[in-house]
Amino acid sequence: EVQLLESGGDLVQPGGSLRLSCTGSGFTFSSFAINWVRQAPGKGREWVSSISGSGDATYYPDSVKGRFTVSRDNSRNTVYLQMNSLRAEDTAVYSCAKSSNRNCGYDFDSWGQGALVTVSS
Amino acid sequence: ETVLTQSPDFQSVTPKEKVTITCRASQSIGSSLHWYQQKPGQSPKLLIRYASQSISGVPSRFSGSGSETDFSLTINSLEAEDAATYYCHQSRGVPYTFGQGTKLEIK
């Protein structure tokens with residue numbers, strides 16, 4: 001059974017940093033791209049980042065480009081989302097989702113439960 | 001950025017009814033449109049990929065159609081367990097985007 005588990009969510013002050021982790025099991029981790037999607041309270045879903053199975057391709061929307069960095073350690077079956085210069089508007093539940101392909105730009109066929117990130121002083 | 005607009009936002013339906021949810025893209029995305037179901041307290045579940053491709057394990061009453069800018073998700077003979085929020089998602093180009101969701105209530 002495919003499982004994705006996020007960790008690292010926390011309360012952080014504006015301007016601070018946080019690293020989220022997404023650990024996968026039940027599939028060949030390096031063969032699939034992993035994505036991060038967030039949902040702020042009362043708002044819709046927003047795609048945050050994608051990383052290919054090998055880790056050689058990464059993508060971000062303008063809203064987080066230059067502040068967030070996605071990486072992966074396939075030996076640990078884990079993808080990381082390093083978030084710097086956090087703002088109040090980054091407050092959201094962050095979920096990781098597995099793509100159906102090693103490349104980015106496909107459907108998301110499995111999702112984790114999410115980790116809450118709160119940016120507040 | 002490709003904006004996805006779903007309609008309706010909310011629908012109250014009775015069991016055994018047929019339901020159609022639409023998703024309109026602000027620009028052509030070919031068939032790179034996927035549908036998800038999310039129930040309260042659960043993570044999203046993929047229902048349909050690439051506009052009309054069925055997913056193993058998903059009941060056959062769920063089907064998708066459309067291309068370019070207009071897409072639809074149809075649920076035939078609705079069941080009580082189909083009460084959920086349904087989302088569309090495009091993967092044609094970055095930024096990948098989602099529809100605002102359609103909440104389905106079963107009377």
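Taking H placed 1.01 Å from N in the peptide plane, check which residues at least 5 places from B:Gly99 or on another chain put their amide H under 5 Å from its amide H.
Amide H neighbours of B:Gly99: B:Cys88, B:His89.
Would you grab the residues whose amide H sits under 5 Å from the one on A:Arg87? Only those 5+ places off in sequence or on another chain, please, with H modelled 1.01 Å from N.
So A:Arg87 has HN proximity to A:Gly15.
Anyone know which of B:Pro15, B:Pro59, B:Pro40 comes out most mobile in the 10 Å Cα GNM of chain B?
Fluctuation is largest for B:Pro40.
Ignoring ligands, DNA and RNA, how do A:Asp107, A:Asp62 rank by accessible area with a 1.4 Å probe, largest first?
A:Asp62, A:Asp107
Note the buried accessible area between A and B here, summed over both chains, with a 1.4 Å probe, in Å² to the nearest 100.
By this definition, chains A and B bury close to 1500 Å².
How compact and how long is the protein assembly as shown, expressed as Rg and Dmax of its alpha-carbon atoms in Å?
Rg, Dmax (Cα atoms, Å): 17.4, 52.
Determine the share of chain B's accessible area contributed by carbon and sulfur atoms, expressed in whole percent, with a 1.4 angstrom probe.
About 45 percent, which is the carbon plus sulfur part of the accessible surface.
Place +1 on the Cβ of every Lys and Arg and -1 on the Cβ of every Asp and Glu in chain A, take the dipole about the Cα centre, and give the residue among A:Thr69, A:Gln3, A:Ser49 whose Cα lies farthest towards its positive end.
A:Thr69
Work out from phi, with θ = phi - 60° and the Karplus expression 6.51 cos²θ - 1.76 cosθ + 1.60, the ³J(HN,Hα) of each residue of the stretch A:111-118, listed in order in whole Hz, and give x for Gly and Pro.
10, x, 7, x, 10, 8, 10, 10
Give the percent of DSSP beta bridges with both residues in the stretch B:13-107 that are antiparallel, rounded to the nearest 5.
Bridges in the stretch B:13-107 are about 95 percent antiparallel.
Taking the Kirkwood radius as the inverse of the mean 1/r across Cα pairs, report the Rg/Rh of chain B.
Ratio of gyration radius to Kirkwood radius: 0.95.
Modelled label-to-label distance, B:Glu105 and A:Leu11, 7 Å Cα→beta-carbon offset: nm?
Output for this residue pair reads 3.4 nm.
List every residue whose amide H lies under 5 Å from the amide H of B:Glu17, counting only residues 5 or more places away in sequence or on a different chain, with H placed 1.01 Å from N in the peptide plane.
Under 5 Å from the amide H of B:Glu17 lie the amide H atoms of B:Leu78, each far enough along the sequence or on another chain.
Using r as the Cβ-Cβ distance of A:Glu1 and A:Asp73, and R0 as 25 Å, what FRET efficiency do you calculate, to the nearest 0.05?
Working: r = 22 Å, r/R0 = 0.88.
After rounding, the FRET efficiency stands at 0.70.
Which of B:Glu79, B:Glu68, B:Glu17 ends up with the largest GNM mean-square fluctuation for chain B, with Cα atoms connected below 10 Å?
B:Glu17
Tabulate in residue order the Karplus-calculated ³J(HN,Hα) for the stretch B:65-77, using 6.51 cos²θ - 1.76 cosθ + 1.60 with θ = phi - 60°, rounded to whole Hz; enter x for Gly and Pro.
3J(HN,Hα) across the stretch B:65-77, in whole Hz: 8, x, 6, 6, 10, 10, 9, 8, 10, 10, 10, 8, 6.
Hey, what do the phi angles of the stretch B:34-50 turn into as Karplus ³J(HN,Hα) couplings, whole Hz, using 6.51/-1.76/1.60 and θ = phi - 60°, x for Gly and Pro?
Residue by residue, the stretch B:34-50 yields 10, 10, 10, 10, 10, 9, x, x, 10, 7, x, 10, 5, 9, 9, 10, 6 Hz.
Roughly speaking, what is the centre-to-centre gap between the stretch B:1-76 and the stretch A:1-60 when only Cα atoms are used, to the nearest Å?
24 Å
Pop a pseudo-label 7 angstrom from the Cα along the beta-carbon direction at both B:Ser65 and B:Ser7 and give the gap in nm to one decimal.
Roughly 1.8 nm, to one decimal.
Considering only DSSP beta bridges whose two residues both sit in chain A, what percent are antiparallel, to the nearest 5?
That works out to approximately 95 percent antiparallel.
The values are calculated or read from the model by the stated rules, or taken from the named source; none is laboratory data. Bear in mind the structure is a predicted one, so any value in this text is a computation, not a measurement. So basically every Cβ, Gly included, is an ideal-geometry build from the backbone, and we count neighbours across all protein chains shown. Each accessible area value is taken on the protein alone, full model and side chains, heavy atoms only, with ligands, DNA and RNA left out. Shrake-Rupley method; radii C 1.70, N 1.55, O 1.52, S 1.80 Å.
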